[in-house]
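> Next up is a structure, given as structure tokens.
The values are calculated or read from the model by the stated rules, or taken from the named source; none is laboratory data. Predicted model, so just to flag it, every value in this text is computed and none were measured. Positions of Cβ are generated from backbone atoms using ideal geometry, with glycine treated the same way; all protein chains shown enter the neighbour counts. With ligands, DNA and RNA removed, areas are computed over all heavy atoms of the protein, side chains included. Shrake-Rupley method; radii C 1.70, N 1.55, O 1.52, S 1.80 Å.
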Amino acid sequence: MKADKSVDVEHLVFVDEPLETHEPRVHAAWLPPEAFRSLGARRVLVHGEGLLVDTVLDEVSRACARYGGRVWHSPSWDVDVDLVLALRDAGELPNPAVEAARSAGEAALAEIGRGEPLGEEGFLLAREGEVTVVLADAPAGLLYGLFHVVRLCAAAFDPARPPERHRPALRRRMLNHWDNVAVHPVMGQVERGYAGGSIFWRDGRPRGDLARVRAYGRLLAASGVNAISVNNVNVARTEALLLTDRLGDVAEIADALRPYGIRVHLSVSFAAPVLLGGLSTADPLDEAVRDWWAATTRRVYDRIPDFGGYLVKADSEGQPGPFTYGRDHADGANLLAEALAPHGGVVHWRAFVYNHHQDWRDRSTDRARAAYDHFTPLDGRFRANVVLQVKYGPVDFQTREPVSPVLAAMPATRLALELQVTQEYTGQQRHICHLGPWWGEVLRFAPWGPGGRTIADVAVGEAGAGGGLVAVANTGDDPFWTGHPLAQANLYTFGRLAWDPWRDPTEILGEWMTLTFPPSATADPELVRRTLHEIMDDSWRTYERYTAPLGVGFMVHPGDHYGPDVDGYEYSRWGTYHFADRDGVGVDRSRASGTGFAGQYPPYWAQVYESPRTCPDEVLLFFHHVPYSHVLHSGSTVIQHIYDTHFAGVEEVETMRRRWQTLNGMIDPAVYERVSERLDEQVRCATEWRDQINTYFFRKSGVPDARGRRIY
Ligand code: GCV
């Protein structure tokens, strides 16, 4: 499609009308009307009752109205259909073809289902004659089945398609919003948010655009997410009130998200009994405190019967916690778990606890050790409805870190893996950085050694009882949802990995591309797809190349965490140091001579990480302080690796920009322009990273680049 047809393209990729008249048009992300063409041109029968069945009906009706199909809801007369979406326990219909399709679906399920139920969210898709049938045990399953049909497009109606059974591997697939209700003087409306304001809150009040909240829920459901916390884990005074006086605001969000099967959770302050309840203490073992939490939680469930639970950041970066009362984190988490248990709620308790007032002169304290040291002695003491939420790395969402050893050290605790979709340290949605491959590496990591159980297995848990996957959201009130239109792919990929953590992230990326840039909306779908893959597939590794080297981390500008500042954190209290001197760089975390962090891993990796000879290159400087002349497994020296990767990284970004330019006129112009602007910034910033990092290490080491390239 050429540029002069751009108006048509916009119709295909934006939602029809502004969701509210005073709001700008919002990009449809991975649910453009065009993605519903195949479904919407068909004759569809929906059978069953329930709120989410109504959502299915609504989705199908809108698609059919647009593309000329027809829809019936449990008709009492015979109709010809192409697609049946039915609850298994919905009664018989006077329609022989439909009943034959349902029976075929049941037979297929008996054959491939290994006798396991489909569960609350699972579904089966099968073909019988000319009919495609989707069966589910519960309305949520039918909704996920519908979105599966949308993803498959015409393939859902392929007569040769064998039956498929789908169930999410993880029960809870959750996004955490770090959104403030009141604008924080430093962090703004959304802490670490790079997509405008909050979808939920504005200037101390609800943002009031519930249509947008609903549209958000729709996008999330289509990716697989089923839970969301709606306020920052750093809970200030205004946000604390969401639990009590402002609960109505949370209930409104829950009402808007419920039709898409998304449950609302709340970040709460551990000091709430004092802040809100007028008690003199928040001691978790105090009777009055326990009663306060029980009564408060009961009121929450009176108002929001399907409320998900609490999320807590305690004793971390200034947040209150049980340490104030001489109690540990099992005491703290169990207090809230006890209040939630009668209602079926869970508490997500974060393991991100460390000393943020460290003295940089003190080489014995290692922030990387903190979560393990605090939490592993508590294994087995948490109540069943506590989920310990563990960041993927031991420090803080870096572009590269080893996987947190906590995830392998608490077999008697439900553990959730916490990822960061918002790109705090990975380019802040100004840089293209597709995080799927990084998350895939984390999920496939086998902490007990190759061939053993993986992090995905830990998150899934025995018999599905694990803590699931959680991620910090990257969305805001930006018309493209995520600031950078291509950052939508990270959100989509998170949802799909949370549904099935063993999937190949690059395949998921392809799925996202097909939905977001529908082949029927462009003159050269092959070119668009190939170019997007060339730009995005390896973009996380490109980002890694031009930023902090070999897993050493940070080197970002203090405070905002954007752009290079090699020594920005070197003499600070935050515990994130690289220790570069004239001879070498890196942190000695070995048992033999360093902080001992390497010893927190099970034996296989403890041994691998212990020695610079065996430690993988990409995390070498995380574990070891080595001379610049140290030869990597790649054959290069550390210093030459730094130069080479930084020059290569910038060249790759320049190539990305050139490739993107070939899509001019092929895709929606608004998307094209936004990405183009951001690519200019990415080239500028990557160049700054290259020059600062290379110059810094050249000046420290005095070692020239073997290829004589320009260093300042
Ligand atoms: C919400 C990092 C971020 C903080 C964030 C914290 C956390 O330190 O920079 O903004 O606070 O992680 O995960 O709690």
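> Could you sort 523-533, 291-301 so that the peptide with the highest average Cβ count within 10 Å comes first and the rest follow in order?
Working: 523-533: 15.5, 291-301: 17.2.
Highest to lowest by the protection proxy: 291-301, 523-533.
> I would also like to ask the following. Is it possible to state the helix-based mean residue ellipticity at 222 nm for the chain, with each DSSP H run of 4+ residues giving -39500 (n - 2.57), the sum divided by total residues, to the nearest 500 deg cm²/dmol? What is it?
Values: 22 runs with 256 residues, N = 712.
So the helix-based figure for the chain works out to -11000 deg cm²/dmol.
> Sorting check: for 336-347, 306-317, which peptide has the highest mean count of neighbouring beta carbons within 10 Å, and how do the rest follow? Show your work: numbers first, answer last.
Values: 336-347: 20.9, 306-317: 23.1.
Order by mean packing, descending: 306-317, 336-347.
> Identify, among Gln398, Met555, His434, the residue whose Cα sits farthest towards the positive end of the charge dipole of the chain, taking +1 on the Cβ of Lys and Arg and -1 on the Cβ of Asp and Glu, with the dipole about the Cα centre.
Met555
> Could you pull out every residue, at least 5 positions away or on a different chain, whose amide H is within less than 5 Å of the one on Gln420? Hs are placed 1.01 Å off N in the peptide plane, and Pro or chain starts have none.
Distant-sequence amide H within range of Gln420: Val472.
> Right, another one. Which order do the peptides 280-289, 168-177 take when ranked by the mean count of other beta-carbon atoms within 10 Å per residue, highest first?
Numbers: 280-289: 16.9, 168-177: 25.1.
Final packing ranking: 168-177, 280-289.
> Assign unit charges at the C-beta atoms only (+1 for Lys and Arg, -1 for Asp and Glu), then state the dipole size of the chain relative to its Cα centre in Debye, rounded to the nearest 20.
Numbers: 73 positive and 94 negative charges, 177 e Å.
The calculated dipole for the chain is roughly 840 debye.
> Here is a follow-up. What whole number of Å gives the distance from the Cα centroid of region 147-166 to the Cα centroid of region 234-295?
Here the two parts' Cα centres lie 43 Å apart.
> Tell me the relative contact order for region 62-213 as a rounded percent, counting alpha carbon contacts under 8 Å between residues six or more apart.
On the way: 230 pairs, mean separation 25.6, N = 152.
Relative contact order comes out at 17 percent.
> Could you give me the ³J(HN,Hα) list for region 115-126, computed from phi with Karplus coefficients 6.51, -1.76, 1.60 and θ = phi - 60°, whole Hz, x at Gly and Pro?
Whole-Hz 3J(HN,Hα) from phi for region 115-126: x, 7, x, 6, x, 4, 10, x, 7, 10, 10, 9.
> Further question: Quick one: how many Å² of Met187 are accessible to a 1.4 Å probe, rounded to 10?
Estimated to the nearest 10 Å², Met187 gives 50 Å².
> Quick check for me: using +1 on Lys/Arg Cβ and -1 on Asp/Glu Cβ, what's the dipole size of region 377-531 about its Cα centre, in debye to the nearest 20? Present the calculation step by step, with values, prior to reporting the outcome.
Values: 12 positive and 16 negative charges, 66 e Å.
Dipole of region 377-531, to the nearest 20 debye: 320 debye.
> Quick one: what Rg and Dmax do you get for region 329-405 from the alpha carbons, in Å?
14.6, 49
> Filter the trypsin sites (Lys or Arg not before Pro) in region 534-617 down to the DSSP loop ones having no more than 16 other Cβ atoms within 10 Å, then list what survives. Kindly include the intermediate steps, with their values, before the conclusion.
Values: sites: Arg541, Arg545, Arg573, Arg582, Arg589, Arg591, Arg613; in loops: Arg573, Arg582, Arg589, Arg591, Arg613.
Counting only loop positions with at most 16 other Cβ atoms within 10 Å, the trypsin sites (Lys or Arg not before Pro) in region 534-617 are Arg573, Arg582, Arg591, Arg613.
> Work out from phi, with θ = phi - 60° and the Karplus expression 6.51 cos²θ - 1.76 cosθ + 1.60, the ³J(HN,Hα) of each residue of region 52-68, listed in order in whole Hz, and give x for Gly and Pro.
6, 5, 4, 5, 4, 4, 4, 4, 5, 4, 5, 5, 5, 4, 6, 10, x
> Please turn the phi angles of region 147-156 into ³J(HN,Hα) values with the Karplus equation 6.51 cos²θ - 1.76 cosθ + 1.60 (θ = phi - 60°), one per residue in order, whole Hz, x for glycine and proline.
Once rounded to whole Hz, the list reads 5, 5, 4, 4, 4, 6, 6, 4, 4, 5.
> Among DSSP bridges having both ends in region 83-201, what percentage is antiparallel? Round to the nearest 5. Don't skip to the end; give the middle numbers.
Working: 10 of 15 bridges.
Counting DSSP beta bridges with both partners in region 83-201, the antiparallel share is about 65 percent.
> For region 119-199, give the magnitude of the charge dipole about the Cα centre (Cβ charges: +1 Lys/Arg, -1 Asp/Glu; no others), in debye to the nearest 20. Spell out each step's value before the answer.
Values: 9 positive and 9 negative charges, 49 e Å.
Dipole of region 119-199, to the nearest 20 debye: 240 debye.
> How much of the DSSP beta bridge set in the chain is antiparallel, as a percent to the nearest 5? Could the numbers behind the result be given before it?
Details: 17 of 60 bridges.
Around 30 percent of the beta bridges assigned by DSSP in the chain are antiparallel ones.
> Additional query: For Cα pairs less than 8 Å apart in space and 6+ apart in sequence, what is the mean separation divided by the residue count of region 178-302, i.e. the relative contact order in percent? Walk me through the numbers on the way to the answer.
Values: 175 pairs, mean separation 26.5, N = 125.
RCO, region 178-302: 21 percent.
> Let me check I've understood the local charge: for Asn355, count other residues with C-beta under 9 angstrom from its C-beta, Lys and Arg +1, Asp and Glu -1. What total comes out?
Values: positive: Arg367, Arg573; negative: none.
Cβ neighbours under 9 Å give a net charge of +2.
> Where Lys and Arg each count +1 and Asp and Glu each count -1, what net charge lies around Ile642 among other residues with Cβ under 11 Å from its Cβ? Before the final figure, lay out each step's value.
Numbers: positive: Arg545, Arg690, Lys700; negative: Asp644, Asp705.
Value of the local net charge: +1.
> Follow-up. Among Leu532, Ser520, Gly510, whose Cα lies farthest out toward the positive end of the dipole of region 497-545, if unit charges sit on the beta carbon of Lys, Arg (+1) and Asp, Glu (-1)?
Leu532
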